Each structure stands twice: as structure tokens, then as C-alpha cells.
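What follows is one structure encoded as C-alpha cells, with my remarks underneath.
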Amino acid sequence: MSEADYSRDEMMTVAAARQLRNGAVCFVGIGLPSAACNLARMLHAPDLVLIYESGTVGTRPVTLPLSIGDGELAETATCVVPLPEVFAHYLQGGRIDVGFLGAAQIDRFGNLNSTVIGDYARPSVRLPGGGGAPEILTHAREVLIVMKQSLRSFVPRLEFRTSCGYLQGAGARRASGAPGLGPRAVVTDFGVLRPHPQTEELQLTALYPGVTVEAVRAVSGWPLKVADALEFLPAPQVAELAILRDLHARTQTAHAGPVHIRI
Amino acid sequence: MALLPLADAIAAHVSDGQSVALEGFTHLIPFAAGHEIIRQQRRRLHLIRMTPDLIYDQMIGMGCAASLTFSWGGNPGVGSLHRLRDAVEQHWPQPLQLHEFTHAEMAIAYQAGASGLPCGLMRHYAATDLERVAGASVRVISCPFTQAALAAIPAINPDVTILHAQQIDATGNVLIRGIVGAAKEAAMAARCLLVTVEEQVEKLAADVNALVLPSWVVTAASIVPGGAYPSYAHGYYARDNGFYRAWDEIARERDGFSRWMRRHVLAVPDHAAQLRSLGVAA
């Protein structure tokens with residue numbers, strides 16, 4: 001395997017996994033966040049505590065779950081708690097270090113839309129809705145967001161604000177009293193965006209190999225600012241790619257298995 | 001607790017226009033009961049479920065529902081619920097009124113309902129647009145002790161809650177194991193509780209702290225092996241992730257959806273026959 005032999009998606013998942021420190025307590029969303037968290041757990045963060053909103057606490061799945069409540073999450077968990085408890089005791093109670101989310105749309109202040117495109121009463125696209133995200137973004141000490149970047153997803157104005165990031169920026173979130181620090185990094189398939197320390201507007205802080213600033217601006221719905229110290233992230237290492245691909249292969253095999261029921 | 005065939009339990013306890021919660025968070029979703037409601041052609045139901053999942057996609061597409069209370073309406077890990085979207089976007093087969101919450105809010109609402117309270121409380125910070133849409137029911141109040149802003153979520157008390165569980169014992173106590181979601185809260189909040197179970201046993205395999213619903217809170221129970229398929233029953237069978245993926249294509253267009261429902265739900269007498277028609281049970 002040559003060093004250049006990886007996809008943009010793989011780079012994004014690896015970059016997201018690298019954001020997680022060992023020992024952190026992480027509230028995980030399904031899909032890309034779940035892949036990144038489990039990759040981190042299999043690489044540099046073996047003691048990462050993963051909590052899914054299905055109430056599975058300290059879960060260590062061998063394959064990736066398709067749903068937030070697959071059986072393997074329960075079978076490999078430290079404990080399984082009722083859903084009201086996971087939100088009240090663990091999240092609102094202040095026990096989550098990192099929330100890890102995706103979304104359909106994001107604006108320059110890290111506010112998220114996962115509800116509708118168009119009018120709420122008669123939308124052109126009805127999206128699944130908030131689920132656990134609004135409270136995760138409020139309460140987790142910090143939040144990581146992972147989503148592919150495009151003009152449809154990185155928009156100048158959200159059509160619906162499902163979850164609050166930095167609101168209008170410049171301290172608005174802190175003034176609202178929200179306990180968590182908000183979205184500290186947005187990992188995309190081009191690089192990483194972080195909030196400016198004063199304005200709290202998301203700005204480009206890191207690029208993947210072979211990606212230009214112009215390319216990122218072309219898929220940003222607002223005039224994207226670039227941090228003074230732009231970082232150039234290394235390509236995925238051979239070990240990172242091997243473990244990620246192995247994880248995806250195991251997952252695919254597991255999900256293809258037929259179900260038989262004795263009646 | 002009355003032990004009844006599922007068709008009789010639905011006929012006796014679920015009627016048109018009621019509010020009905022089929023709970024189970026990804027796990028133990030009572031598909032067999034939902035399909036029986038479709039076969040018996042219940043109409044104008046107010047469906048309640050945190051995650052509508054495939055079962056409400058099917059009930060909505062078959063015209064059972066007038067309104068929906070929910071907190072996340074997708075096909076987990078796959079994408080859209082096409083029938084739910086069609087009802088909201090195009091009013092097919094009829095308009096669907098939405099009462100939308102977040103997971104945390106809905107969990108609190110069930111808990112309040114189960115506790116005999118008019119509302120449940122959460123800490124409140126910046127308002128989202130969900131609190132501004134027509135029909136939004138979350139209100140902000142002030143804590144009488146600290147003056148902190150609190151969100152008050154109105155209690156949910158379904159006319160009927162329906163659960164699927166692993167076991168019922170000889171006297172009618174019901175055991176739920178694994179991911180329990182808000183099943184217990186939805187059960188205790190309801191005026192009528194129907195349960196389907198994988199099997200009846202002499203004595204439950206339950207530790208003292210296990211989630212057991214005592215027989216006297218259960219209105220009626222039915223023994224329906226495989227009753228959660230294509231969802232799953234921890235300790236009995238796994239979630240059919242392949243079917244959840246396949247549903248995306250089955251439900252995408254109205255005709256294909258209607259054909260599938262006629263063949264695998266309307267044309268079969270019961271859940272066992274459906275599982276055989278799908279090749280899941282021999």
C-alpha cells in the first residue's frame with residue numbers, strides 16, 4: 001500500500017479520530033462519528049469511553065453498528081441504562097467530555113440544521129430531525145462535528161436551527177448560559193475548521209494533503225476565512241488505514257448476515 | 001393481565017382516533033402488533049414514538065395515522081423514511097400533523113406521564129427553531145428556588161402503549177432485557193398496556209434489579225415469537241440490518257411500497273406467516 005493510496009472519506013475519518021484523546025468520555029452520533037470514535041479506540045485511545053444515546057455506556061463494539069441501538073452495543077457495554085437516564089444523568093448531569101455529531105447543514109457559527117429544507121409546515125425535504133443533537137451540543141463540554149463539505153451543507157443561512165452552536169458569535173453562546181463550550185472543530189473531507197477565538201466564526205485551520213484553500217472556499221457558502229497559522233495535516237498512516245479498512249470490512253460482513261428466527 | 005391472541009388484543013383495545021405508542025428504541029420494536037393494526041385498518045391514530053422507524057413508515061403509508069409525536073424520523077444508518085416524508089411533503093396518503101420534540105424532551109415527557117405530573121422539566125438555554133414552529137408545546141418557566149430558566153415539556157399519556165418483550169411468566173409478569181429505551185416510562189404513562197412476548201416461561205430469567213413489568217400493570221399480552229422482526233430481541237435474534245437497507249428501495253415509491261405491504265402484511269394471516277413469506281422463519 002503506497003502512502004497516497006487513500007480516499008478523501010478515509011482521510012476525513014482518520015482526521016476526526018485523531019481529535020479524540022484517550023480517556024475522554026464521548027457521546028457518539030451514528031455514522032461518521034461512530035466510525036471515527038471506534039477507529040480512535042482501536043488506535044491511540046483504547047480507554048475512550050463511548051456512550052450512544054440508546055443508553056449503552058462504555059461500549060466496545062468489534063464491528064460498526066448500523067443503527068444507534070444494534071445488539072452489539074449492548075453486549076459490549078459496561079452497562080445499559082434507560083434512555084431518560086442517559087440524557088438526564090450523563091448528558092445534562094455534566095458527565096460528557098466530548099459530543100461527536102454530524103448534520104445536514106451548518107452555518108458559519110456552527111449552528112446545525114437536521115430538521116427541514118424549506119418551510120417547516122410544507123418542506124421540500126423533510127430531514128429526520130433533532131434526535132439527541134440539540135442537547136448534546138448544549139451540554140457536552142466540547143463538541144466535534146464531522147460532515148462532508150459542499151455548498152448545500154455549508155450554508156450562509158440555516159433554513160432551520162435544530163441545534164445551537166455559537167448562535168450569532170462573539171460570545172452569544174456563552175451569554176445564553178449554555179454549559180458546554182460548543183463546536184470546537186468541524187472535520188470535513190477537505191480539512192478542519194475551528195472557531196475564531198473572538199468572533200467565533202468558523203475558519204479554516206488545517207488542510208489535507210493535496211487540498212488548496214481555493215478548493216475549500218469553492219464549497220463554502222460564506223466567504224471562508226483562513227487562520228493565520230494554517231496547518232497541513234499528514235496523510236493517513238499505513239496502520240490507521242489498515243485498521244479502518246479492516247473495521248469496515250468486518251462491518252460489511254456482519255451486516256450482510258441473514259437472520260433466522262425459530263417460531 | 002389477559003393472555004390473548006394478538007388479533008384479539010388489538011381488536012379489543014385499539015380503536016380509531018386513539019393515541020398509540022409502539023415503543024422500543026431500535027430494539028424490541030413491536031412490528032407484529034403494528035402489522036395487526038394495519039390489517040385491522042385502524043384510522044386517524046395519533047402515533048407516538050421517539051424514532052418512528054420502519055413500523056410507523058408502514059403505518060403512515062397505509063393510512064392509519066392522522067398525527068405523529070416523535071423526536072427522530074429516519075431509517076437509522078440508512079437515510080430517509082420515504083413514506084413519512086411523502087406524508088409530510090406531499091400529504092400522501094393523507095396529511096400528517098407533526099408534534100416534534102428532541103429525544104431528551106420526549107424521554108422527559110414520558111417520564112412525567114408515568115409519574116402523574118402535567119409536565120417534566122429540563123434546563124433551558126438558547127431557543128432552537130423547534131420551539132418556534134406552530135404547535136410547539138415546550139414552554140420556558142423560571143425555577144421557584146434559583147430563578148434558572150427551565151423548559152417545561154408537557155406529559156405524554158398515550159391511550160395505549162404497545163411493547164415487545166422477551167418473556168412472560170406463568171402469572172403474567174413481563175421481562176425486558178437489553179436496550180430498554182423509554183419502554184418502561186411509555187408503559188407506565190399509558191392508560192392501557194399491551195405486550196407481545198417471545199415466549200412464556202415458568203420463571204423469568206431476571207435479576208432483582210431487572211426491568212420487570214408486574215402482571216397487574218399489563219392489560220393484555222400475546223405470545224408472538226419473532227414479534228420484533230426486522231428489529232430484534234436481545235438473546236433471541238439479531239436486527240436484520242440487511243432488511244433495513246433494503247427498505248430504502250422498497251418504500252421509495254408509492255406503488256412498490258403498496259405492493260410489498262399487500263403481499264407481506266395484508267395477504268398474510270399473522271406474523272408467523274409473514275416471517276415465512278420473507279424466508280426468515282422455516
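Here are the numbers for this structure:
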read-out	value
Long-range neighbours under 8 Å by Cβ, at least six apart or interchain, first residue without any contact (Cβ under 8 Å) to a residue 24 or more places away in the chain within segment B:114-135, second in a loop (DSSP other than H, G, I, E, B) and of a type in the set (V, I, T)	B:T128/A:T162; B:D129/A:T115; B:D129/A:T162; B:E131/B:V138
Check on A:D119, touching a residue at least 40 places away in the same chain (Cβ under 8 Å) and more than 9 Å from every other protein chain (Cβ to nearest Cβ)	no
Tally of residues being exposed (fewer than 15 other Cβ atoms within 10 Å of the Cβ) and either touching a residue at least 40 places away in the same chain (Cβ under 8 Å) or under 12 Å from B:F31 (Cα atoms) (or both) across segment B:262-276	1
Single residue of A:A77, A:A88, A:A40 found to be facing chain B (nearest Cβ under 8 Å), in contact with a strand residue (DSSP E or B) (Cβ under 9 Å, 6 or more places away or on another chain), without any contact (Cβ under 8 Å) to a residue 60 or more places away in the chain and hydrophobic (A, V, I, L, M, F, W, C)	A:A88
Meets criteria (of a type in the set (D, E, K, R), within 14 Å of chain A (Cβ to nearest Cβ), in contact with a helix residue (DSSP H, G or I) (Cβ under 8 Å, 6 or more places away or on another chain) and in contact (Cβ under 8 Å) with a residue 24 or more places away in the chain) for B:D240	no
Tabulated pairs, segment A:9-24, first at positive phi, second in a loop (DSSP other than H, G, I, E, B) and buried (at least 19 other Cβ atoms within 10 Å of the Cβ), C-beta under 9 angstrom, 6+ apart or interchain	A:G23/A:A45; A:G23/A:L48
Residue that is nearest to the other protein chains (Cβ to nearest Cβ) [pool: residues in segment B:17-61 that are surrounded by fewer than 24 Cβ atoms within 10 Å (Cβ to Cβ) and part of a loop (DSSP other than H, G, I, E, B)]	B:R44
Residue, surrounded by the most Cβ atoms within 10 Å (Cβ to Cβ), within segment B:71-83, restricted to residues that are more than 7 Å from every other protein chain (Cβ to nearest Cβ) and not in a loop (DSSP other than H, G, I, E, B)	B:R83
Checking A:L241 against (1) within 30 Å of B:E198 (Cβ to Cβ); (2) within 21 Å of the chain's Cα centre (by Cα), the condition it does not meet	(1)
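Bear in mind that the values in this text are calculations on the coordinates, not laboratory data. These figures come from a predicted structure and were not determined experimentally. Don't worry about glycine lacking a Cβ; one is built from the backbone with ideal geometry, like all the others, and counts go over all protein chains shown.
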